[in-house]
Each structure stands twice: as C-alpha cells, then as structure tokens.
Amino acid sequence: MEREIVHHPRAKIQDYASVVGASAIEDLRALAEKLSGKAIQNINSTFTGGGVAEILARMVPLLNQLGVDAKWTTIKGNDEFFGVTKKFHNALHGRAEHISSEDLSLFLEVNKKNAEELEFEGGIIFVHDPQPVALVAKKKECGEKWIWRCHIDVSKPDRKVWEFVRNFVVDYDAAVFSAPNFTQQLPIRQFLISPSIDPLSDKNKEISSEVIDSVLGKYGLDKGKPIIAQISRFDYLKDPVGVIQAFEMVRKSIDCQLVLAGGAATDDPESEKVLEESRDRASNNPDIHILPIPPGSDIEINALQRASAVILQKSIKEGFGLTVTEAMWKGKPVVASAVGGIQLQVKNKFTGLLCHSIEGAAYSIKRLLSNPEYADYLGKNAREHVRQNFLITRHLKDYLLLFISLYYPSDIIYL
Ligand code: UDP
C-alpha cells in the first residue's frame with residue numbers, strides 16, 4: 001500500500017473566500033461538521049498523471065482542513081495489469097479492444113491481492129475508476145459505505161467490458177458520474193458531480209509575466225509568435241496527431257507555433273508509443289514543440305497555458321477534460337472536440353468553440369488568431385463559467401453532501 005505524503009504548502013480553506021465568497025466557505029464548514037467521526041478513504045491507481053490524481057491531490061488536504069478525516073491510497077499493479085486496465089479504459093470509452101479471458105483473470109487476481117494487502121480505514125470507501133473496482137469484495141468486512149466514482153465517458157461503452165465492470169459496481173452503495181449522459185441502468189443510487197480545478201494551486205494561481213517568460217525561455221519558445229497549445233498525457237484518445245494536422249493547416253496561412261506538452265501516468269503503459277508517433281508526425285518541424293513534462297511541473301503548465309493564444313483539446317473521448325477547465329479559468333479561448341464532459345464546459349460560441357474534425361479545429365483556431373476581440377470575449381465568458389461551476393469549492397460541497405446523504409435513507413438532508 002502506498003500513501004501520499006503531502007508536504008508542500010497549500011492554500012488555506014479560508015483563502016478561497018476571495019474567489020467564491022465567504023458564505024460558500026461557511027457552507028462547507030457546516031456540512032463538514034456533519035461528518036465528524038467518519039473517515040473517508042479514497043482509492044485509485046496512481047498518485048501522478050491524469051485528472052483523478054490532480055483532483056485528489058487538492059481535494060484530500062482541503063477535506064482535512066475542514067476537519068474531515070480523508071485519506072488517499074493507491075492500489076499496486078505491474079505493467080501487465082495496467083496494460084489490461086488501459087484496455088478497459090479505452091473499451092469503456094468505446095474503443096475496440098481485444099480483452100482475453102487471461103486479461104480478466106489478471107485483473108481479478110491483482111484486485112484480490114490488493115484487497116488482501118490494503119488497510120481499509122474509512123467509514124466511507126471511495127473507489128475511483130475501474131482499476132480498483134473489484135475491491136468491493138471486501139465490503140462485508142470493511143467500511144460502512146462504498147462509493148464508485150467513474151471519471152470516464154461511459155455513454156457508449158463496449159458492452160462486454162461494461163457488463164464485467166458493472167457486476168462490481170452494483171455491490172456499491174452509490175455511483176458517481178460526471179455528466180448526465182454517462183449514467184447507467186443500475187440498482188444503486190447515482191449522483192452527478194462534475195470535476196473541478198483548484199484556483200489557488202500552483203497550476204492555476206496567478207503568476208507573473210517574468211515567470212511565464214522564463215518558462216518560455218526554458219522550452220525554447222519564441223515569445224513573439226502566437227502559441228497554440230494542447231497540454232495532455234500522450235494518449236490516443238487525446239489525438240496528438242490530429243492536433244499536429246490541425247496546426248499544419250493553420251500554419252499555412254498564419255505564422256504561429258504549436259506546443260504539445262504532457263507527461264505519462266504510472267498507470268498508462270501506452271504513452272511512450274504515442275509520444276514517439278507524435279514525434280514522427282511532427283518530423284522536425286521547427287514550429288512544433290513536443291515537450292515531455294515530468295510530474296509536478298505545475299508552474300510550467302500554468303505558464304504554458306497563460307502564454308498561449310489558443311488552447312486546443314482535440315480529444316476523441318473525454319470524461320471531463322480538466323485541461324479545458326484550467327485554460328478557461330485563465331481566460332483563454334478554447335477550441336475543443338464536442339465530446340463527453342467537454343460539452344459541459346464549452347458552450348459553443350459563448351465559452352469557447354467546439355469542433356468536430358481536424359479541419360473544423362483548424363478553422364476555429366484561425367478564426368481566433370485573426371480576431372483577438374472575439375477570442376477575448378470567449379475567454380472572459382469561459383472564466384466566469386468555471387467560477388460558477390467548476391471550482392473545487394463547489395466540488396467539495398457536492399462530495400460532502402454525497403457522503404452525508406449516504407447515511408440518510410431518503411433524499412432529504414436535514415442541515
Ligand atoms: N497534466 C499534468 N502534466 C501533464 C499532462 C497533464 O499535470 O504532463 C494535468 C493537466 O494539467 C490536468 C490533468 O493532468 O490537470 C489531466 O486531466 P484531464 O481531465 O484533462 O485528462 P486525463 O489525463 O485525466 O485524461
């Protein structure tokens with residue numbers, strides 16, 4: 001079992017009042033009190049890389065500050081296991097994958113081993129995504145309430161893989177999805193809770209133009225040329241090759257540069273291959289900067305997002321897309337595929353531009369580069385949309401209400 005060590009300075013819960021108002025923080029404190037004596041144990045498959053780790057790294061310390069005993073542990077697995085779970089991930093997103101009976105046995109075996117070795121310490125066991133879903137076998141012995149949190153767009157899953165995962169999901173007390181069309185036919189309670197970003201984290205806080213310039217210098221980027229950026233793990237579902245193709249179309253008529261920045265996640269064995277393919281496709285074009293970024297490069301990502309003229313998110317499938325939220329919070333115009341949770345964020349022509357193809361992405365990028373006023377209008381609306389809907393304070397409130405509601409038989413909560 002691994003445990004995250006939180007040692008860098010964090011914003012204090014009261015600091016968020018300057019962003020969302022003091023009463024929102026008072027609400028959180030009142031709700032948190034209702035959970036005194038309950039421990040909440042989050043379990044997922046990685047401490048670094050990807051949106052789930054990103055959220056937990058902020059959520060857990062803030063819950064602790066509110067006096068809620070929240071913990072975060074990860075399961076252990078070898079490359080073979082994460083190879084199988086990556087196939088699950090792709091198949092649940094609707095991609096065709098061959099999953100053998102050996103794959104399923106390995107999945108069950110690793111979950112069983114983790115179930116034996118993990119210390120289950122929470123009244124509420126909060127399991128994230130499919131990798132640890134089968135831990136629920138321990139429900140009779142440990143924990144009072146079990147929640148399964150799905151961060152994936154499961155609106156059109158491969159049926160066989162979904163049925164396999166569903167067999168475990170039905171044993172939980174509740175399931176949480178990010179968007180209405182991801183919900184499923186289940187005999188348990190379902191909650192809709194969208195993800196969030198932390199406005200005071202290193203990734204999202206205000207930074208000076210000196211810091212931004214120094215990051216541009218570090219990566220050899222030309223300050224005078226508009227930057228189009230996609231910040232994402234190197235994953236087929238993020239379509240980095242499609243990003244390069246769209247950029248090449250834009251570059252024919254506008255002098256600009258592309259930044260494709262991202263690292264790997266410890267639970268994603270495919271990233272090296274996707275990175276190589278992206279490099280091959282970029283074929284030494286001096287205007288394309290492929291930047292492998294190590295974990296923890298939050299200030300660098302913040303600076304790259306702030307330095308960009310347009311942020312692209314050309315995903316083929318997307319559970320939510322925190323990278324979109326991060327860009328929108330920074331007042332950036334976003335061009336993003338009309339898929340999954342992105343559609344909760346980008347309201348076309350109001351908080352960004354949605355695209356349906358490589359050509360469509362290129363067209364929208366050109367439009368934004370040649371019309372800064374329009375880009376600014378979308379960016380401003382984007383920031384407000386995030387302030388109202390996708391900040392961590394709203395997410396904390398939803399989670400606290402979810403935890404409390406599990407202890408009440410009806411949907412009525414007396415505060
Ligand atoms: N991210 C990061 N380093 C990288 C690539 C991504 O810190 O090299 C962060 C990114 O800023 C965002 C999260 O990881 O906060 C990715 O979440 P998202 O929902 O966009 O996609 P996921 O990776 O979960 O599919």
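Name the strands (runs of 3 or more DSSP E) wholly within region 172-258 that hold at least 3 residues that are touching a helix residue (DSSP H, G or I) at 6+ places or on another chain (Cβ under 6 Å) and within 14 Å of the ligand (Cβ to nearest atom)? Hits in region 172-258: 227-231.
When residue 368 is tested against the conditions (1) open to solvent by 20 Å² or more (accessible area, probe 1.4 Å); (2) touching a Leu at 6+ places or on another chain (Cβ under 9 Å); (3) part of a helix (DSSP H, G or I), the lone failure is (1).
Can you tell me which residues in region 383-407 are closer than 17 Å to residue 174 by Cβ, of a type outside the set (Ser, Thr, Tyr) and surrounded by fewer than 20 Cβ atoms within 10 Å (Cβ to Cβ)?
397, 398, 401, 402, 404, 406 - these are the residues of region 383-407 that are closer than 17 Å to residue 174 by Cβ, of a type outside the set (Ser, Thr, Tyr) and surrounded by fewer than 20 Cβ atoms within 10 Å (Cβ to Cβ).
Within region 77-121, being surrounded by fewer than 14 Cβ atoms within 10 Å (Cβ to Cβ) and farther than 13 Å from residue 164 by Cα holds for 78, 79, 80, 96, 98, 102, 109, 116, 117, 119. Contact annotation: residue pairs with Cβ atoms under 9 Å, 6 or more positions apart or on different chains, pairing a residue in region 48-62 that is more than 6 Å from the ligand (Cβ to nearest atom) with a partner that is among the basic types (Lys, Arg) and at pLDDT below 95, are 49/233; 58/10; 61/10; 62/10. Screening region 351-365 for residues that are among the hydroxyl-bearing types (Ser, Thr, Tyr) and open to solvent by 30 Å² or more (accessible area, probe 1.4 Å) and picking the one that is nearest to residue 243 (Cα to Cα) gives 357.
Anything in region 138-156 that is closer than 16 Å to residue 186 by Cβ, within 16 Å of the ligand (Cβ to nearest atom) and either without any contact (Cβ under 8 Å) to a residue 60 or more places away in the chain or open to solvent by less than 10 Å² (accessible area, probe 1.4 Å) (or both)? List them, or say none. Selection gives 149, 150, 152, 154. Looking only at residues in region 348-376 that are in contact (Cβ under 8 Å) with a residue 60 or more places away in the chain and within 10 Å of residue 335 (Cα to Cα), which one is nearest to the chain's Cα centre (by Cα)? Residue satisfying both the conditions and the ranking: 361. Among residues that are within 16 Å of the ligand (Cβ to nearest atom), open to solvent by less than 40 Å² (accessible area, probe 1.4 Å), part of a helix (DSSP H, G or I) and in contact with a helix residue (DSSP H, G or I) (Cβ under 8 Å, 6 or more places away or on another chain), residue 274 is included. When residues in region 32-76 are screened for being β-branched (Val, Ile, Thr), modelled with pLDDT of 95 or more and either open to solvent by 40 Å² or more (accessible area, probe 1.4 Å) or in contact with a Gly (Cβ under 6 Å, 6 or more places away or on another chain) (or both), 1 of them pass.
Residue check: is residue 193 open to solvent by less than 30 Å² (accessible area, probe 1.4 Å) and farther than 23 Å from residue 124 by Cα?
no
One residue is enough: does region 336-355 have a residue meeting the conditions in a helix (DSSP H, G or I), in contact with a Lys or Arg (Cβ under 8 Å, 6 or more places away or on another chain) and either among the charged types (D, E, K, R) or modelled with pLDDT of 95 or more (or both)? No: region 336-355 contains no residue that is in a helix (DSSP H, G or I), in contact with a Lys or Arg (Cβ under 8 Å, 6 or more places away or on another chain) and either among the charged types (D, E, K, R) or modelled with pLDDT of 95 or more (or both). Of the residues making up region 331-350, those that are touching a helix residue (DSSP H, G or I) at 6+ places or on another chain (Cβ under 6 Å) and crowded, with 23+ Cβ neighbours inside 10 Å are 332, 333, 334, 335, 336, 342, 345. Would you confirm, using the coordinates I've provided, whether residue 321 is over 24 Å from residue 272 (Cα atoms), open to solvent by less than 40 Å² (accessible area, probe 1.4 Å), modelled with pLDDT of 95 or more and within 15 Å of the ligand (Cβ to nearest atom)? So residue 321 fails the test.
Residue count for region 277-296 satisfying the condition of being within 16 Å of the ligand (Cβ to nearest atom) and either at pLDDT 95 or above or in contact with a Leu (Cβ under 9 Å, 6 or more places away or on another chain) (or both): 7.
The values are calculated or read from the model by the stated rules, or taken from the named source; none is laboratory data. Since the structure is predicted, the reported quantities are computational estimates derived from the model, not experimental observations. Using ideal geometry, Cβ is built from the backbone for each residue, glycine included, and neighbour counts are taken over all protein chains shown. Each accessible area value is taken on the protein alone, full model and side chains, heavy atoms only, with ligands, DNA and RNA left out. Shrake-Rupley method; radii C 1.70, N 1.55, O 1.52, S 1.80 Å.
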